[in-house]
Amino acid sequence: MTNVFITGTGHTPFRKWQDTSIETLIAQAAQQAITDSGVDQKDITEIFIGHYGEGLIDQGFVASLVLNAFPQWRYLPITRVENACASGSAAVHQGCRAIANGEHQHVLVLGAEHMSGSANPGACLAKASYIAEESFPSFTHAFAHLTDAYFDRFSEQTLALAKIAHKNHQNGLRNDLAHLRKDFDLEFCLTESPKNPVVAGHLKRTDCSPITDGAAAMVLSGAPKPGTENAKISYWQHHNEFLPLSKRNPWQLEGCAHAWQQGLAKTQLSLDDFQLVETHDCFTIAELMQYEAMGLTPIGEGSRALDEGWVYRDGKLPVNVSGGLKSKGHPIGATGVSMHVMAARQLTGTAGDMQLPSLNRAGVFNMGGTGAANYLSFIEAV
């Protein structure tokens, strides 16, 4: 696979930007990435933008919005990419292909979403399930269904879910871009209360990523940026899975497992070769199941990764040091790009208070729907 270099990154703070439009967020992230890269704006020759939409805002057709802030890009090919919660990584992978096939030297990848203005974002997100069979009133109910299936198949894991929430909020305290920088202790995450009510099934508010607005961006290039630390995307692959849960085992993420198995086999790597994973914790049950899918533990034993301390900041494979979707936030179309930005900054030593020591390689896994779209990237320090 041809290496693709991340030469510039941009990232707005993730929060509820009720008085700021998606157009403004896109422009801010794009400008940051261009400035960071040092690339002349005229040398950007294609743009990809991840955006879910589906009624979250009135404005559709967001691809050309970037031109209002950058009129010099008029007539460039700009494509909006959508694959549910993995829309951002879908845009990243399109950008990787554009560089790898030699067609472009520099492309801009964006991801953006504005969710806080929607009257019913949960219903908009529920469209990422199989409507013909699954009448979930919100997307939280879809993952409550997976949680029930996991608990019934293996054992009740409320403590493990609380540990994931607590871990990711502790990590998020170090991330000044995170939406929920709150010091939720384990007991708070574990206990139902007026401030932590049950949302659906076994899932409490602390098990759910927040409704968030934001944008992230990267400049991808065919050569490294001279005179500085670089990160490269050395592997990228995408695997789609059945949309109906009736065609899958709801207690495991088989598409995620397939993505990791293929990625490790094709690159001849093992999890021991990674020092960081940013993974798709839209709900705490998703992160627990992803420990198993990536091969960190056997199926049904994901809680062991927490009990042994493996996935904590000081563990053998830190997971979601950025705070993950749980603390950082999950503005749908921006999420996948954000995850790549967080990993790239770790690998280039520019992650600020989040910085881990001695990183060589990170994995990024971004999932769409209840595991129907599965995007895996490996990023390395150069």
Task: Degrees, to the nearest 10: 284-293 long Cα axis against longest axis of the chain - done: 80
Task: Student exercise, the chain dipole from Lys, Arg, Asp, Glu Cβ charges, in Debye to nearest 20 - done: 380
Open item on the list: If you fit an axis through the alpha-carbon atoms of helix 158-172 and take the longest principal axis of the Cα set of the chain, what angle between them do you get, 0 to 90°, nearest 10?
Closed with: 30
Task: Likely footprinting exposure, 339, 1, 115, fewest C-beta neighbours within 10 Å first - done: 1, 115, 339
Task: Dipole of the chain [Lys/Arg +1, Asp/Glu -1 at C-beta], most positive-end residue of 228, 206, 114 - done: 228
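If I stretch the segment between residue 35 and residue 314 completely, what's the gain in nm (0.36 nm per residue apart, minus their alpha carbon distance), one decimal?
97.2 nm
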TODO: Please report 310, 236, 73 as a ranked list, fewest other C-beta atoms within 10 angstrom at the top and most at the bottom.
DONE: 310, 73, 236
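How large is the charge dipole for segment 154-231, taken about the Cα centre, if only the Cβ atoms of Lys, Arg (+1) and Asp, Glu (-1) carry charge, to the nearest 20 debye?
Using Cβ point charges on Lys, Arg, Asp and Glu, segment 154-231 gives about 100 debye.
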- [ ] Return the calculated 222 nm mean residue ellipticity for the chain, to the nearest 500 deg cm²/dmol, obtained by summing -39500 (n - 2.57) across DSSP H runs with n ≥ 4 and dividing by the residue count.
- [x] -9500 deg cm²/dmol
Task: Sequence of 127, 247 once ranked by neighbouring C-beta atoms within 10 Å, starting from the fewest - done: 247, 127
- [ ] Only one of the values [x] 25, 51, 22, 2, 0; [y] 32, 60, 8; [z] 28, 55, 17, 0 was calculated from this structure for P(r) over Cα pairs in 20 Å bins from 0, in percent; name its label.
- [x] [y]
- [ ] Report the relative contact order of segment 1-139, percent, no decimals, based on alpha-carbon pairs under 8 angstrom and at least 6 residues apart.
- [x] 29
Open item on the list: How tilted is helix 332-347 with respect to the longest principal axis of the chain? Cα atoms for both, answer in degrees (0 to 90, nearest 10).
Closed with: 80
Open item on the list: As an exercise, use a Förster radius of 22 Å and the Cβ-Cβ distance of residue 192 and residue 152 to find the FRET efficiency, rounded to the nearest 0.05.
Closed with: 0.65
- [ ] For a label point 7 Å from the Cα of residue 350 along Cα→C-beta, name the residues of segment 89-109 whose backbone N is under 20 Å from it.
- [x] 89, 92-93, 95-96, 99, 105-109
TODO: With no solvent and one equal point scatterer per Cα, compute the Debye intensity ratio I(q)/I(0) for segment 310-382 at 0.25 Å⁻¹ and report its log10, rounded to two decimals.
DONE: -1.31
Task: Relative contact order, percent, the chain [alpha-carbon distance under 8 Å, six or more residues apart] - done: 26
- [ ] Give, rounded to the nearest 20 debye, the magnitude of the charge dipole that segment 52-193 has about its Cα centre when Lys and Arg contribute +1 at Cβ and Asp and Glu contribute -1 at Cβ.
- [x] 600
Open item on the list: Assuming 0.36 nm per residue, please report the length gained on full extension of the stretch residue 1 to residue 69 beyond their Cα-Cα distance.
Closed with: 21.1 nm
Task: At R0 = 30 Å, FRET efficiency that the Cβ-Cβ distance of residue 132 and residue 258 yields, to 0.05 - done: 0.80
Open item on the list: Positive end of the dipole of the chain, charges at C-beta (+1 Lys, Arg; -1 Asp, Glu), about the Cα centre: which of 57, 377, 218 has its Cα farthest in that direction?
Closed with: 218
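Bear in mind that the values in this text are calculations on the coordinates, not laboratory data. Quick caveat: nothing in here was measured; it's all calculated off a predicted structure. All Cβ positions, glycine included, derive from the backbone under ideal geometry; neighbour counts span all protein chains shown.
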